[in-house]
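What follows is a set of notes on a single structure, which appears directly below.
The values are calculated or read from the model by the stated rules, or taken from the named source; none is laboratory data. Since we're looking at a predicted model, the values are computed, not measured. Here the Cβ is made from the backbone with ideal geometry for all residues, glycine too, and neighbour counts use every protein chain on show. Only protein heavy atoms, including side chains, enter the accessible area calculation; ligands, DNA and RNA are left aside. Shrake-Rupley method; radii C 1.70, N 1.55, O 1.52, S 1.80 Å.
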Amino acid sequence: MKQDGLTIPGLLVASLVGLILVAALLDGRGAHATPGEERLFLPDAKYLKPMLIGFHGVAADLLWIRTVQYVGTHVETDRKFPQLAKALNLATSLDPHFLEPYRFGGLYLLYLARQPQAAVSLLEKGAAANPGRWELPHDLGRYYYLEAHDYARSREWWERAATLPGRPDYLPRFVARLYAETDHRETALELWSEIYRTAQNDSVRSLALQEIERLKAGSSEGPLGL
Amino acid sequence: MTVAAIALNTFREAVRDRILYAILIFALVMLAGSTILVTISVGGEVKIIKDLGLACISIFGTLIAIFLGIGLVSKEIERRTLYTIITKPIHRYQFILGKYLGLVLTLLVNVAVMALGLLGLAYLWEGVSSVRLFLAVLFIFLELMLVTALALLFSAFSSPTLSAIFTLSLFVAGHLSGDLRLFAARFGGAVTKLSAETLYFLLPNLSRLNFKDQAVHGFGVDGGSMGLSFLYAIFHIAALVLAAMAIFERRDFK
């Protein structure tokens with residue numbers, strides 16, 4: 001019996017050592033794989049949502065967190081984001097009232113993935129699903145102002161955002177300037193300063209800082225070269 | 001008095017079950033874990049905490065309801081304690097009602113512990129207490145009462161394993177019953193449509209009791225819909241418990 005007693009803990013320790021060794025070997029193999037090789041599982045929201053039996057909100061949260069990690073990984077490696085637009089589209093279809101994937105996802109698509117059309121589609125989808133929220137027309141106005149330099153459309157979106165509750169104080173001022181067609185550099189500086197002030201991660205903050213410095217130096221070229 | 005005595009006894013018995021504590025501790029750990037998870041997100045922290053918290057209450061509450069509910073009658077038969085009880089001047093319906101209320105009391109205590117954890121966390125992050133969140137938890141509790149009634153019904157005539165399978169299947173089907181009607185309207189002939197309609201009204205439509213989105217996004221809640229949903233759950237629970245009573249009354253224990 002004593003011998004049995006000694007054998008079991010011995011085998012247990014051996015199993016644990018084996019486990020750690022195999023895990024380390026597997027991790028080592030993973031480290032040699034092509035960076036950013038991992039794929040996000042992104043089924044069609046139309047089929048996925050009913051299968052989540054009422055837990056679509058949690059699924060959207062977890063997908064958003066996974067998307068943030070995906071962006072972080074690819075920013076540090078190949079700076080390619082082939083699944084970003086689809087992931088954001090799925091997260092926002094699972095929970096159309098979850099604003100962060102539209103807002104931050106829009107920034108990622110625009111400035112990291114360089115997919116302005118996908119960013120605009122995402123923000124327009126958000127504005128349609130959340131007609132009472134100022135944030136999405138505000139971000140669309142910002143895109144048309146800073147990147148597309150389409151001041152008429154920018155004014156259109158900002159006018160809409162300015163009528164909604166909770167909008168920032170600067171919006172009516174921006175609309176007035178757009179009507180007067182003046183102070184574009186000042187408006188751009190205010191917008192980027194606002195992004196810098198409210199940024200919740202380093203990549204967005206450094207992007208905003210870069211743009212503020214560029215505007216202060218007098219360069220008119222935007223981050224997309226538009 | 002008899003019903004209350006059976007209910008209290010069922011409650012005492014349930015709180016001695018170790019599985020209950022295992023599930024409860026796991027749920028509380030998951031709730032606390034959501035605060036770690038939000039640190040790797042960009043924005044939406046309060047939403048994520050509320051979503052995960054409500055999902056924890058719903059999932060772990062359902063596990064408690066099923067695991068304890070399926071053994072309500074069969075355990076008594078297995079341990080032969082039922083034979084002693086039914087020889088006493090107790091109506092069989094009183095036994096079923098007492099058992100049901102005892103498990104509902106157990107669920108109430110568990111949901112209250114988990115809800116306090118969630119409401120506390122939400123308060124710490126938001127700085128305000130949310131009435132909508134409380135209402136969402138209340139409707140999750142109603143859903144759990146319904147699931148318990150389903151488990152009790154199956155437990156009245158079936159083995160624990162089969163009861164668990166039936167209850168879990170109906171829990172999933174209950175969240176999809178709205179799609180059943182949609183499917184019939186789109187594809188079915190007259191017979192299919194009638195069958196689907198009948199099934200739709202018989203199956204519990206659990207999505208009617210889902211107010212999680214309103215709680216998480218702070219949307220206005222329509223009092224009328226909420227009141228009707230409350231009545232819907234109460235009628236469904238009453239029908240299921242009465243059906244369990246009817247089956248149990250006719251059951252031969254010789």
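Other residues whose C-beta falls under 11 angstrom from the C-beta of A:Tyr102 contribute a net charge of -2, scoring Lys and Arg +1 and Asp and Glu -1. Could you tell me how far the Cα centroid of segment B:111-189 sits from the Cα centroid of segment A:111-138, in Å? Using only Cα atoms, the two centres lie 34 Å from each other. Taking A:Ala85, A:Ala24, A:Ala118 as the candidate residues, the one with maximal mean-square fluctuation in a Gaussian network model of chain A, Cα springs under 10 Å, is A:Ala24. For the set A:Asp61, A:Asp44, A:Asp27, solvent exposure ranked by accessible area (probe 1.4 Å, protein chains only) runs largest to smallest as A:Asp27, A:Asp44, A:Asp61. For A:Ala128 and A:Gln200, the FRET efficiency from 1/(1 + (r/R0)^6), where r spans their Cβ atoms and R0 equals 35 Å, is about 0.90. Buried between A and B is an accessible area of approximately 1900 Å², summed over both sides with a 1.4 Å probe. Dipole magnitude for chain A: computed about the Cα centre from +1 point charges on Lys and Arg Cβ and -1 point charges on Asp and Glu Cβ, it is near 300 debye. Between B:Pro204, B:Pro160, B:Pro89, the residue with the greatest mean-square fluctuation in the GNM of chain B (Cα pairs under 10 Å linked by springs) is B:Pro89. Here the alpha carbons of segment B:123-254 define both size measures, Rg and Dmax, at 17.7, 61 Å. The GluC sites (Glu not before Pro) found in segment A:118-226 that occupy coil by DSSP, while having at most 10 further C-beta atoms within 10 Å, are A:Glu181, A:Glu221.
Across segment B:161-171, computed HN-Hα scalar couplings (Karplus, 6.51 cos²θ - 1.76 cosθ + 1.60, θ = phi - 60°) run 5, 5, 4, 5, 5, 4, 5, 5, 5, 5, 4 Hz from first to last residue, x flagging Gly and Pro. Each label was represented as a point 7 Å from its Cα along the Cα-to-Cβ direction; for A:Ala176 and B:Ala185 these points are 5.0 nm apart. FRET efficiency for A:Ala23 and B:Leu194, Cβ-Cβ distance as r, R0 = 56 Å, nearest 0.05? The computed FRET efficiency comes out at 0.45. Among the residues of A:46-59, the average count of other protein chain beta-carbon atoms within 10 Å of the residue beta-carbon is 5. Atom-type composition of the exposed protein surface of chain A places 58 percent of the accessible area on carbon and sulfur (1.4 angstrom probe). With a cut-off of 12 Å between beta carbons, the residues surrounding B:Arg181 carry a summed charge of 0, where Lys and Arg count +1 and Asp and Glu -1. In segment B:172-212, burial by the other protein chains removes 40 Å² or more of 1.4 Å probe accessible surface, compared with the chain on its own, from B:His175. The solvent-accessible area of B:Trp125, taken with every protein chain present and a 1.4 Å probe, is close to 110 Å². The accessible surface of chain B, taken with every protein chain in place and a 1.4 Å probe, is 70 percent carbon and sulfur.
Shape call for segment A:134-226 from the C-alpha gyration tensor, a ≥ b ≥ c root eigenvalues: rounded (a/c under 1.5), prolate (a/b greater than b/c) or oblate? Since a/c reaches 1.5 but b/c is at least a/b, the shape of segment A:134-226 is classed as oblate.
The residues of segment B:21-61 listed by number as losing at least 40 Å² of accessible area in the complex, against the isolated chain and with a 1.4 Å probe, are B:Ile40, B:Val42, B:Lys47, B:Ile48, B:Asp51.
Before anything else, pin down the relative contact order of chain B: Cα pairs under 8 Å, at least 6 apart, normalised by residue count, whole percent. Mind dumping the intermediate values first?
Working: 277 pairs, mean separation 66.3, N = 254.
Dividing the mean separation by the residue count of chain B yields 26 percent.
Distance between the 7 Å Cα→Cβ label points at B:Ile165 and B:Tyr93: 3.2 nm. Can you tell me what percent of all Cα-Cα pairs in segment A:92-189 are more than 23 Å apart? Counting every Cα pair in segment A:92-189, those more than 23 Å apart make up 22 percent.
Think of a 1.4 Å ball rolled over the protein heavy atoms: the protein assembly as shown then has 51 Å² of accessible area per residue.
Mean residue ellipticity, 222 nm, helices only, the protein assembly as shown: the sum of -39500 (n - 2.57) across DSSP H runs of n ≥ 4, divided by residue count and rounded to 500, is -25500 deg cm²/dmol. Taking every alpha-carbon pair under 8 Å whose residues sit at least 6 apart, chain A reaches a relative contact order of 12 percent. Using equal-weight Cα scatterers in the Debye expression, the normalised intensity of the protein assembly as shown in log10 at q = 0.10 Å⁻¹ is -0.92. Working note: Debye formula, equal point scatterers on the alpha-carbon atoms of segment B:1-99, no solvent; log10 I(q)/I(0) at q = 0.11, 0.14, 0.18, 0.19 Å⁻¹ is -0.49, -0.66, -0.86, -0.91. Taking only the Cα atoms of segment B:2-250, the radius of gyration and Dmax are 19.5, 64 Å.
If only the Cβ of Lys and Arg carry +1 and only the Cβ of Asp and Glu carry -1, the dipole of chain B around its Cα centre is close to 680 debye. Note on chain A: Rg/Rh from Cα positions, Kirkwood definition for Rh, rounded to two decimals, is 1.17. Rounded to the nearest 20 debye, the dipole size of the protein assembly as shown about its Cα centre is 1580 debye, using +1 on the Cβ of Lys and Arg and -1 on the Cβ of Asp and Glu. Here the Gaussian network model covers chain A, with springs between Cα atoms less than 10 Å apart; of A:Leu122, A:Leu215, A:Leu136, A:Leu215 fluctuates the most.
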